[in-house]
1. Of the residues LYS11, LYS15, LYS45, LYS28, only one is part of a strand (DSSP E or B) and out of contact with any Lys or Arg (no Cβ under 7 Å at 6 or more places or on another chain); which?
2. For the range 9-50, give me each residue that is acidic (Asp, Glu) and surrounded by 10 or more Cβ atoms within 10 Å (Cβ to Cβ).
3. Do you know which residues across the range 7-33 are on the phi > 0 side of the Ramachandran plot and touching a residue at least 24 places away in the same chain (Cβ under 8 Å)?
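Laboratory data are not the source of any read-out in this text; all were calculated from the coordinates shown. Given the structure is predicted, the values throughout are model-derived calculations rather than measurements. Note: ideal-geometry Cβ built from the backbone for every residue, glycine included; neighbour counts use all protein chains shown.
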Amino acid sequence: MYSILGKEVFKRSFKGNGSNSIEIPSLKQGIYIVELQNEQTKFNKKIILK
């Protein structure tokens, strides 16, 4: 998980199947980029914490 400025603010590796939940630490309000990766693909999603 990265801040909008590109600084890594949280990192977690896990093996999951189907639907998974990850608890993130308390972060300030703002826009963050979440990077997800598996064996076949890698993608980024923007999230907004209010």
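1. Answer to the check: LYS45.
2. GLU35
3. GLY30
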